[in-house]
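The values are calculated or read from the model by the stated rules, or taken from the named source; none is laboratory data. Note that this is a predicted model, so its numbers are computed, not measured. Note that each Cβ is placed from the backbone with ideal geometry, even for glycine, and that neighbours are counted across all protein chains shown. Surface accessibility is based on the protein's heavy atoms, side chains included, excluding ligands, DNA and RNA. Shrake-Rupley method; radii C 1.70, N 1.55, O 1.52, S 1.80 Å.
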Amino acid sequence: MKLITVAGPPSSGKTSVIIKLIECMGLPKGSVGVVKFDCLNSFDNLRYKEADIPIQTGFSGKICPDHYFVSNIDDAVQWGMKLGFQMLITESAGLCNRCSPYINGIFSICVIDNLSGANTPRKIGPLLKLADVVAVTKGDIVSQAEREVFAFNIKQVNASAKVIFVNGITGQGSFILSKYLQQARDIQTLRDMKLRFTTPAAVCSYCTGETRIGESHQMGMMKKMEFKEL
Amino acid sequence: MIRQDFIALATDLSIEDLLLEYPIASDFLANLRLNSIPKQLSLSQALEEVDEGILQEFGLDKFGVLRSFCEFMETFTPAEVSLHALSSLTIIGGFNKSREPENISLTISCGEIISIVGPTGSGKSRLLNDIECVAQGDTPTGRRILINGAELDDLQRFEMDGKLVAQLSQNMNFVMDLTVSEFLDMHAKSRLTTSAKQVVEKCFLCANELAGEKFMPDTKITQLSGGQSRALMIADTAYMSNSPIVLIDEIENAGIDRRQAIELLSKREKIIFVSTHDPLLALSADKRMVIKNGGIIKVLDISDTEKQSLKAIEELDNTLQKLRNRLRDGAQITVDLLKS
Ligand SMILES: Nc1nc2c(ncn2[C@@H]2O[C@H](COP(=O)(O)OP(=O)(O)OP(=O)(O)O)[C@@H](O)[C@H]2O)c(=O)[nH]1
Ligand SMILES: Nc1ncnc2c1ncn2[C@@H]1O[C@H](COP(=O)(O)OP(=O)(O)OP(=O)(O)O)[C@@H](O)[C@H]1O
Ligand SMILES: [Mg+2]
Ligand SMILES: [Mg+2]
Ligand SMILES: [Zn+2]
Ligand SMILES: [Zn+2]
């Protein structure tokens, strides 16, 4: 089974791109499954079901969705193998901009939209920086010039990535994207494979439920901001 | 340049000199929050003084920074020869929606304008998609697209990196919070053009020529009117986009001089496809492609008779434009106005 990880900021068009991608790969119905990792809630399952795509959804709740991803991804692979999928695609919403769900040797796609501001690519961390392919959506609403500037800014942080413009509504561009997926390799398990990037050390008192504000309530891994005289 | 040379930039050159010679390197530093490292040192020396913690946040160590520096400089050094030197494009027919063969082989050269007409849902956008992905019989239509007379393999298709085709359509907007001149500068920078200043200026003048109402370099792009935006997009596509093919999807009532716009693009030696229902645009092309049921059924040369009627259509169009302007100015419309 081939495994593809798709990640990107909320509402960037991940689900739209995945559905178009599956459509144009032309694999038999039901042979490509999706696992969605989200935080609190998601309505993606309805859209996948509507497109006849087998779907599982998991909610990370109070922990970082990428930590949740790592702890569950091998089980997801086992689920996909059991159902005999040819391909399993994971969708995760990148939220903290500091983690990414990419695994060494597993084909990874970052979905980001053109509307998010010229400098956004330079602010997103490993989510963008370590992806094999960056799919840029919503190019239908902005000018060609902005698309080109946006692609340039993506190359600034991920010089080796392929940047592909995909229209999540019409599917334009998803064909070339699907061609890249042929490079994805077959796997049976992820055991002992490695994440491309460490997930952040998130063990401060607030991680464990503290709500009170003030120095005396802050413990563990804290990073204090430095305020300079102006 | 080979990678060794880029390493030399990081070891032999002070950051000061590096930035003078390669201004884009300042982006590299900014991306890693390294803007304030000592500039009199070389990058590799300066990195010795940088807090490892910051680098770690970006998933890098000193060596990693140097490696990504080389990668960065390599990506943003203009290639000696353009990958996209395109002189002709050939469309070889596939099948229509009823799986009947589409008997056509059409070669289009740089500077040619092709209009595409056909009913809604007939497959105009599909054809444009085939061109964009340089279809090799592997899309639903089975069409093949040749570049300079040759088929491309997958690797070559990937190398195009989405730069083959620039698109322009009615519902495109500007969304960035920049002034016109900031925006043009930024686009020029992303093109790595050496003569950025002249290009930006030309582009600005030309956009103002196409637009009905004039705008200033310090106008915010998001505040441009529909017509002004379209004019700026067209001028920008003509002078700054390096894509050799331009797809124009319905720009009928953009409030700009449409014929002038199309001519401008074709003068820049681009291949232009215009999907349109507008007689003025359709007849301004060199050839007209008719699409029905998913297949190209005809390619017409625009005949002399048609070219003659173009004049009459232009007059009609001017009359309509006059009416629009009068409405805008709060004047009244009379029947006399129709007998221009
Ligand atoms: N105009 C335009 N809209 C798009 C495009 N791609 C996606 N959208 C729209 O953007 C919205 C969000 O798309 P989704 O695919 O749900 O985004 P997502 O990343 O899966 O969102 P979450 O899973 O909720 O984080 C939807 O309304 C889509 O129809 C595109 O290329 N152009
Ligand atoms: N030769 C073909 N074989 C199979 N399907 C096709 C073919 N040509 C077009 N189609 C399909 O027909 C549908 C309509 O085509 P398309 O969107 O290109 O129409 P259009 O002419 O652009 O319409 P509009 O004027 O509304 O924009 C699309 O789903 C497209 O993929
Ligand atoms: Mg989604
Ligand atoms: Mg269309
Ligand atoms: Zn996180
Ligand atoms: Zn915490």
Any pair with Cβ under 9 angstrom, 6 or more apart, that starts in region A:148-170 at a residue that is without any contact (Cβ under 8 Å) to a residue 60 or more places away in the chain and ends at one that is open to solvent by less than 30 Å² (accessible area, probe 1.4 Å) and within 16 Å of ligand 6 (Cβ to nearest atom): none
Residue count, region A:69-111 (criterion: crowded, with 24+ Cβ neighbours inside 10 Å, at pLDDT below 90 and away from ligand 3 (no atom under 16 Å from the Cβ)): 2
Residue list for region B:23-75, restricted to those being of a type in the set (Phe, Trp, Tyr) and open to solvent by 20 Å² or more (accessible area, probe 1.4 Å): B:Phe58, B:Phe63
Filtered residue count, region B:128-150, keeping only those that are within 12 Å of chain A (Cβ to nearest Cβ) and among the hydrophobic types (A, V, I, L, M, F, W, C): 5
Single residue of region A:163-174 satisfying the filter (modelled with pLDDT of 90 or more and within 9 Å of chain B (Cβ to nearest Cβ)) that is farthest from B:Gly64 (Cα to Cα): A:Phe165
So A:Ile176, is it under 30 Å from B:Gln167 (Cα atoms), of a type outside the set (D, E, K, R) and within 16 Å of ligand 2 (Cβ to nearest atom): yes
Subset of region B:1-41 (residues that are in a loop (DSSP other than H, G, I, E, B), hydroxyl-bearing (Ser, Thr, Tyr) and within 17 Å of A:Gln156 (Cβ to Cβ)): B:Tyr22
Some residue of region A:33-56 being under 22 Å from A:Ala135 (Cα atoms), within 16 Å of ligand 1 (Cβ to nearest atom), of a type in the set (A, V, I, L, M, F, W, C) and part of a helix (DSSP H, G or I): no
Out of B:Glu315, B:Glu306, sole residue that is touching a helix residue (DSSP H, G or I) at 6+ places or on another chain (Cβ under 8 Å), of a type in the set (Asp, Glu) and modelled with pLDDT of 85 or more: B:Glu306
Selection from region B:151-190 of residues that are part of a helix (DSSP H, G or I) and within 9 Å of chain A (Cβ to nearest Cβ): B:Asp154, B:Arg157, B:Phe158, B:Phe183, B:Leu184, B:Met186, B:His187, B:Lys189, B:Ser190
Checking A:Gln56 against (1) more than 16 Å from ligand 3 (Cβ to nearest atom); (2) open to solvent by 50 Å² or more (accessible area, probe 1.4 Å); (3) at pLDDT 85 or above, the condition it does not meet: (1)
Qualifying residue in region B:158-169 (condition: among the β-branched types (Val, Ile, Thr) and more than 14 Å from the chain's Cα centre (by Cα)): no
Count - residues of region B:90-128 that are over 19 Å from B:Ile147 (Cα atoms) and either in contact with an Asp or Glu (Cβ under 9 Å, 6 or more places away or on another chain) or surrounded by 15 or more Cβ atoms within 10 Å (Cβ to Cβ) (or both): 12
Only one of B:Gly59, B:Gly53 that is within 11 Å of chain A (Cβ to nearest Cβ), in a loop (DSSP other than H, G, I, E, B) and either closer than 15 Å to A:Gly125 by Cα or not hydrophobic (A, V, I, L, M, F, W, C) (or both): B:Gly59
Every residue from region B:140-150 that is surrounded by fewer than 18 Cβ atoms within 10 Å (Cβ to Cβ) and in a loop (DSSP other than H, G, I, E, B): B:Pro140, B:Asn148, B:Gly149
Residues satisfying the stated conditions in region A:144-188, i.e. of a type in the set (Asp, Glu) and on the phi > 0 side of the Ramachandran plot: none
Among (1) outside the structural domain of B:Arg126 (by TED's automatic domain parsing); (2) within 30 Å of the chain's Cα centre (by Cα); (3) β-branched (Val, Ile, Thr) - the single one B:Ile297 does not satisfy: (1)
Selection status of B:Ile291, among the β-branched types (Val, Ile, Thr) and touching a strand residue (DSSP E or B) at 6+ places or on another chain (Cβ under 6 Å): no
Neighbours by Cβ (under 6 Å, 6+ apart or cross-chain): first from region A:86-97, under 17 Å from A:Lys62 (Cα atoms); second more than 10 Å from ligand 5 (Cβ to nearest atom) and of a type outside the set (A, V, I, L, M, F, W, C): A:Ala93/A:Pro10; A:Ala93/A:Asp38; A:Gly94/A:Gly8; A:Gly94/A:Pro9
Matching residues in region B:310-340 - criterion: being closer than 18 Å to B:Glu213 by Cα and open to solvent by 100 Å² or more (accessible area, probe 1.4 Å): B:Leu327, B:Arg328, B:Asp329
Residue count for region A:143-155, restricted to those that are farther than 13 Å from B:Lys163 by Cα, buried (at least 22 other Cβ atoms within 10 Å of the Cβ) and at the interface with another protein chain (Cβ under 7 Å from one of its Cβ atoms): 2
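Let's see how each residue does on (1) open to solvent by less than 10 Å² (accessible area, probe 1.4 Å); (2) modelled with pLDDT of 80 or more:
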site: B:Thr237; (1), (2): yes, yes
site: B:Ser243; (1), (2): yes, yes
site: B:Glu250; (1), (2): no, no
site: B:Asp257; (1), (2): no, no
site: B:Gln260; (1), (2): no, yes
site: B:Glu263; (1), (2): no, yes
site: B:Val274; (1), (2): yes, yes
site: B:Asp278; (1), (2): no, yes
site: B:Ser284; (1), (2): no, yes
Subset of region A:96-120 [assigned to a loop (DSSP other than H, G, I, E, B) and more than 14 Å from every other protein chain (Cβ to nearest Cβ)]: A:Pro101, A:Gly105, A:Ile106
Residue that is farthest from the other protein chains (Cβ to nearest Cβ), among those in region B:211-235 that are in contact with a strand residue (DSSP E or B) (Cβ under 6 Å, 6 or more places away or on another chain) and open to solvent by 10 Å² or more (accessible area, probe 1.4 Å): B:Asp218
Scope region B:292-340; condition part of a helix (DSSP H, G or I) and of a type in the set (A, V, I, L, M, F, W, C); matching residues: B:Leu310, B:Ala312, B:Ile313, B:Leu316, B:Leu320, B:Leu323, B:Leu327, B:Val335, B:Leu337, B:Leu338
Selected residue (only one of B:Asp257, B:Asp249 is in contact (Cβ under 8 Å) with a residue 24 or more places away in the chain and either within 10 Å of chain A (Cβ to nearest Cβ) or basic (Lys, Arg) (or both)): B:Asp249
